[in-house]
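Engineer: Handing you this structure, nothing more for now.
What follows is calculated from the coordinates using simple rules that are stated; it is not laboratory data. These numbers come from a predicted model, not from an experiment. Note: ideal-geometry Cβ built from the backbone for every residue, glycine included; neighbour counts use all protein chains shown.
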Amino acid sequence: MRRLLLLLLITLASLAALVWAGSLGIGPVLYTPEGRQKVVLLFGNPVNVQTEPGLSWRVPLLDNVLSFDARYLYLNTAPSKIQTRDQERLFVDSYVIWRIEDPLRFFASFPGRIPQAESRIDEVVRADVRDVIGQRTIPEVLTDARIEIMAQITKEASEELSGNGITIRDVRINRTELPPATTQNVYARMRTERERLARKYRAEGDEQGRTIHARADREALVTVAEARKDAEILRGEGDARAAGIYADAYNEDAEFYGFVRSLEAYRKTIGKGTTMVLPPSNEFFRAMQSPNGGPPAPAAGGGAPSAPPAEPAESAEP
């Protein structure tokens with residue numbers, strides 16, 4: 001029993017030693033940890049590719065083990081000076097999220113490993129950024145179209161580098177700057193555009209104002225015409241009623257009616273300080289004469305008789 005336990009302990013210790021040696025890249029056991037990928041080369045030819053964590057076997061001293069990072073990597077590309085479709089220049093700085101998808105292809109494409117791969121990725125991404133942004137205008141690059149631009153760059157770069165065992169997860173525009181001369185041109189263009197919009201809105205407002213004024217004038221004319229029509233109708237009805245009242249009054253007492261009408265004529269014709277030169281027999285003074293047709297009786301207290309009323313032939317201020 002003791003010998004069996006001792007044998008078991010020795011076996012476990014040997015396995016632990018082999019795993020430890022495999023983690024150091026020596027021994028017959030190949031240990032691939034999380035986040036790493038390994039390629040086993042025998043006399044320079046690949047014989048085993050480990051892309052998943054775990055254990056495998058190798059031939060010590062005869063093969064060579066290459067280890068690659070399986071995680072997503074970050075690369076900040078160099079700034080590029082790009083001319084847009086509207087003939088303006090931009091300084092664009094971008095970054096790339098990438099990983100080694102196929103370590104065997106990656107090793108065949110980039111013997112220099114990560115530095116050589118990053119140089120190639122920088123070259124491809126900068127070219128795609130230049131091509132895609134060169135087909136756009138500055139407003140598109142600086143607004144919501146920016147997301148579509150980055151997606152297109154990511155797609156093109158990933159397709160171009162897939163044959164090298166690399167996958168591009170994302171390409172992002174980190175910074176977009178305008179040269180000083182371009183900045184002034186952009187501001188001038190923005191100012192011109194705003195002035196154009198201001199003139200457009202002002203012209204539309206003037207047109208609407210003229211339309212509103214014309215409508216108001218038309219409605220005012222219609223309202224005044226209708227009011228005048230109603231006034232004429234009411235005036236005609238009033239005149240008709242007044243004529244009827246006058247006719248009724250005349251029919252009831254023609255003499256009294258004539259007397260009242262004469263008094264109204266005196267009130268409207270003879271004002272304060274009016275001098276009238278008319279013969280006493282004039283019809284205008286008929287209401288002021290005595291019943292027998294002579295001049296009116298003198299007033300109480302004596303004095304000259306009043307001048308007989310008549311239609312004025314001439315008047316003058318005293």
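Engineer: Find out how many positive minus negative residues lie around Arg235, taking Lys and Arg as positive, Asp and Glu as negative, among other residues whose Cβ is under 15 Å from that of Arg235.
Structural biologist: Net charge in that neighbourhood comes out at -2.
Engineer: Subtracting the Cα-Cα distance from 0.36 nm times the residue separation, let me have the gained length for Ala78 to Val49 in nm, one decimal.
Structural biologist: In short, 7.1 nm is gained.
Engineer: Can you tally the net charge around Arg172? Count Lys and Arg as +1, Asp and Glu as -1, for every other residue whose Cβ sits under 12 Å from the Cβ of Arg172.
Structural biologist: That works out to +1.
Engineer: Here's something else I'd like to know. Given a Förster radius of 45 Å and the C-beta distance between Glu123 and Arg191 as r, what FRET efficiency does 1/(1 + (r/R0)^6) yield to the nearest 0.05?
Structural biologist: 0.70
Engineer: How high is the FRET efficiency from Arg36 to Glu177, r the C-beta distance, R0 35 Å, rounded to 0.05?
Structural biologist: Efficiency at R0 = 35 Å is approximately 0.35.
Engineer: If you stretched the chain out fully between Ala227 and Lys268, how much longer would it get, using 0.36 nm times the residue separation minus the C-alpha to C-alpha distance?
Structural biologist: My answer for the length gained is 11.7 nm.
Engineer: Just want the ordering: Val65, Val277, Val125, Val260, from fewest to most Cβ atoms lying within 10 Å of their own Cβ.
Structural biologist: So the ranking, lowest neighbour count to highest, is Val277, Val260, Val65, Val125.
Engineer: Please label the shape of the range 208-276 as rounded, prolate or oblate, based on the square roots a ≥ b ≥ c of the eigenvalues of the alpha-carbon gyration tensor (a/c under 1.5 means rounded; beyond that, a/b larger than b/c means prolate, else oblate).
Structural biologist: It comes out oblate by the Cα gyration axes.
Engineer: Right, something else. Quick check: net charge around Glu34, other residues with Cβ under 10 Å of its Cβ, Lys/Arg +1 and Asp/Glu -1?
Structural biologist: Charge balance in the 10 Å sphere: +1.
Engineer: What list do you get for Val186, Val141, Val224 if you sort them by fewest beta carbons within 10 Å?
Structural biologist: Val224, Val186, Val141
Engineer: Going by a ≥ b ≥ c, the root eigenvalues of the Cα gyration tensor, does the range 103-240 fall in the rounded group (a/c under 1.5), the prolate group (a/b larger than b/c) or the oblate group?
Structural biologist: prolate
Engineer: Any idea which of Asn64, Ile100, Gln116 is furthest toward the positive side of the dipole for the range 45-160, if Lys and Arg beta-carbons carry +1 and Asp and Glu beta-carbons -1?
Structural biologist: Value: Asn64.
Engineer: Which value in nm describes the separation of the simple spin-label points at Ala151 and Ala220, placed 7 Å from the Cα toward the beta carbon?
Structural biologist: 5.8 nm
Engineer: Starting from the Cα-Cα distance between Ser67 and Asp248, subtract it from 0.36 nm times their residue separation and give me the gain in nm to one decimal.
Structural biologist: In short, 52.1 nm is gained.
Engineer: A further question on this structure: Filter the trypsin sites (Lys or Arg not before Pro) in the range 180-284 to those in DSSP coil with at most 14 other Cβ atoms within 10 Å of their Cβ, and list the result.
Structural biologist: Qualifying residues, ordered by number: Lys272.
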